[in-house]
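The values are calculated or read from the model by the stated rules, or taken from the named source; none is laboratory data. Given the structure is predicted, the values throughout are model-derived calculations rather than measurements. Cβ atoms come from the backbone with ideal geometry, glycine included; neighbour counts cover every protein chain shown. Ligands, DNA and RNA are stripped out before the accessible areas are found, and what is left, the full protein with its side chains, is counted by its heavy atoms. Shrake-Rupley method; radii C 1.70, N 1.55, O 1.52, S 1.80 Å.
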There are 2 protein chains.
Amino acid sequence: MNRPQPIEKMVGIIKKLPGVGPKMAERLSYHILKMPQGEVDRLVDSIQNARRTMKCCSICCNLSEHDPCPVCSDVTREKNIVCVVETPQDLIAVSKVKDYKGLYFVLGGALSPLDAVGPDDIRIDKLIKRLKSDSISEVIIATDTDSKGEITAVYLADIIKILGIKVTRLGYGLPVGGDLDYADEITISRAIAGRKEM
Amino acid sequence: MNRPQPIEKMVGIIKKLPGVGPKMAERLSYHILKMPQGEVDRLVDSIQNARRTMKCCSICCNLSEHDPCPVCSDVTREKNIVCVVETPQDLIAVSKVKDYKGLYFVLGGALSPLDAVGPDDIRIDKLIKRLKSDSISEVIIATDTDSKGEITAVYLADIIKILGIKVTRLGYGLPVGGDLDYADEITISRAIAGRKEM
């Protein structure tokens with residue numbers, strides 16, 4: 001006997017979500033079938049409400065209920081500096097740093113030749129257009145430090161420097177609060193290169 | 001800056017699902033926001049459709065589109081033998097074993113004194129009522145082989161034996177300490193063949 005068709009269908013769709021395997025999808029599906037109706041309604045409503053209300057900010061491409069988003073429309077922020085991140089989640093991580101008062105730009109991914117993700121598949125054109133029209137003096141590239149993020153950073157630096165804009169990259173080094181013996185060689189090597197006098 | 005409120009709400013609800021932590025909930029939420037609308041509709045529809053169409057079979061408490069379920073209404077099955085499982089997933093795992101031709105009963109959980117799950121919280125009364133009214137000659141207890149499943153098996157064996165019904169437990173071909181629905185067909189088949197009277 002197989003699972004009834006409606007459950008099979010739900011499992012099939014849920015297992016396509018990232019990080020969810022077949023067993024996890026089955027567990028989630030049967031859990032959802034056991035949940036009180038009110039909880040299922042809240043789950044579905046929260047998904048549909050987020051989909052309906054979240055917009056892509058026309059300036060920075062961050063997800064927001066408003067366009068422009070609260071950061072882009074905040075007059076107190078420094079308008080001449082832009083931090084480029086891969087995703088809206090990355091933007092929120094950087095925004096927790098109180099000393100950064102500039103603006104943002106969300107690329108919507110990173111270059112990945114192996115996955116056939118090229119410059120046209122992320123928002124590089126839109127970024128360049130913005131840098132040309134607004135008076136930006138510095139771009140901080142805060143893409144991930146994996147190979148895709150690195151490739152993207154190098155690619156962006158090359159084309160932004162042509163515009164005469166200063167390009168910086170987040171400093172490498174040891175994560176704060178970490179054990180030195182858990183850090184990999186490349187990180188320690190970068191931390192030595194970036195050492196500061198005390 | 002925090003996540004926009006609609007995303008925060010979706011993350012908060014998704015992270016309450018079993019096996020989903022805060023980071024996974026965030027990943028799933030942002031993925032759902034990026035999915036094409038058609039895929040989101042299919043996800044939501046599959047949940048709502050499964051919720052709407054799946055019923056609890058009034059005889060065995062399995063989830064099914066029909067009441068009684070296909071197993072209970074199958075005239076070719078042996079009506080005098082009942083296999084007791086914890087969940088509908090466990091029922092499907094056992095049903096893959098071709099040599100078992102009897103019926104089922106889904107308890108809806110297992111006794112767990114530490115979690116305050118007692119006999120009234122699972123369908124023991126309903127099982128006993130069925131055993132008294134139908135002419136059952138054997139009950140195979142196929143609860144999980146973890147401590148909760150074992151406690152439930154011993155408890156059930158005690159009260160079913162009073163009814164003059166033979167009680168057997170799946171043989172220990174099963175790996176001890178595991179979830180029944182993770183076992184492969186051959187292991188379950190061996191366990192049925194090697195079942196012992198309790």
Open item on the list: Rounded to the nearest 100 Å², what is the buried accessible area between B and A, both sides summed, probe 1.4 Å?
Closed with: 4600 Å²
Open item on the list: Keeping all protein chains in place and using 1.4 angstrom, which order do A:Leu33, B:Leu127 fall into by accessible surface area, from largest down?
Closed with: A:Leu33, B:Leu127
Open item on the list: Not counting ligands, DNA or RNA, and with a 1.4 Å probe, what is B:Ile140's accessible surface area in Å² rounded to the nearest 10?
Closed with: 0 Å²
Open item on the list: Mean-square fluctuation check for chain B, GNM, Cα pairs under 10 Å: which of B:Val154, B:Val84, B:Val40 is largest?
Closed with: B:Val40
TODO: Shortest first and in nm with one decimal, please list how far the B:Arg77 label point sits from its counterparts in the other copies (point 7 Å along Cα→Cβ).
DONE: 6.1
Open item on the list: Taking the full set of protein chains and a 1.4 angstrom probe, give the accessible area of B:Glu150 in square angstrom, rounded to the nearest 10.
Closed with: 50 Å²
Open item on the list: Can you give me the distance in nm between label points at A:Leu163 and B:Lys16, each placed 7 Å from the Cα along the Cα-to-Cβ direction?
Closed with: 4.4 nm
Task: Charge tally in the Cβ shell below 10 Å around A:Asp115, where Lys, Arg are +1 and Asp, Glu are -1, A:Asp115 excluded - done: 0
Task: the protein assembly as shown, dipole about Cα centre (Lys/Arg Cβ +1, Asp/Glu Cβ -1), debye to the nearest 20 - done: 660 debye
Open item on the list: Just checking the output field for B:6-14: average partner chain Cβ neighbours within 10 Å of each residue's Cβ?
Closed with: 6
- [ ] First check a/c for region B:67-128, with a ≥ b ≥ c the square roots of the eigenvalues of its C-alpha gyration tensor; if it is under 1.5, answer rounded, and if not, answer prolate when a/b is larger than b/c or oblate otherwise.
- [x] prolate
Open item on the list: Among A:Ala50, A:Ala110, A:Ala25, which one shows the highest mean-square fluctuation when chain A is modelled as a Gaussian network with alpha-carbon springs under 10 Å?
Closed with: A:Ala25
- [ ] Obtain the nm distance between the two label points defined at A:Val75 and A:Lys55 by a simple spin-label model: each point lies 7 Å from its Cα along the Cα-to-C-beta direction.
- [x] 2.1 nm
- [ ] With a/c under 1.5 counting as rounded, go ahead and sort region B:56-197 into rounded, prolate or oblate using the C-alpha gyration tensor (a ≥ b ≥ c being the square roots of the eigenvalues; past the cut-off, prolate if a/b is larger than b/c, else oblate).
- [x] rounded
Open item on the list: Probe radius 1.4 Å, ligands and nucleic acids ignored: give me the carbon and sulfur share of the accessible area of chain A as a rounded percent.
Closed with: 55 percent
Open item on the list: Just checking the output field for B:49-61: average partner chain Cβ neighbours within 10 Å of each residue's Cβ?
Closed with: 3
TODO: Just report the Cα centroid separation between region B:1-39 and region A:74-113, whole Å.
DONE: 20 Å
Open item on the list: Keeping all protein chains in place and using 1.4 angstrom, which order do B:Leu63, B:Leu156 fall into by accessible surface area, from largest down?
Closed with: B:Leu63, B:Leu156
TODO: Kindly provide the helix-only [θ] at 222 nm of chain A, computed as the sum of -39,500 (n - 2.57) over DSSP H runs of four or more divided by all residues, to the nearest 500 deg cm²/dmol?
DONE: -13000 deg cm²/dmol
- [ ] Take every Cα pair under 8 Å in region B:1-142 that's 6+ residues apart, average their separations, divide by the length, and report that relative contact order as a whole percent.
- [x] 18 percent
- [ ] Would you mind checking the pairs B:Lys98/B:Lys132; A:Lys129/A:Lys161; B:Lys126/B:Lys196; A:Lys55/B:Lys15 and listing those with alpha carbons more than 18 angstrom apart?
- [x] B:Lys98/B:Lys132; B:Lys126/B:Lys196; A:Lys55/B:Lys15
TODO: Would you look at the GNM of chain B, springs on alpha carbons closer than 10 Å, and say which of B:Gly178, B:Gly149, B:Gly109 moves the most?
DONE: B:Gly178
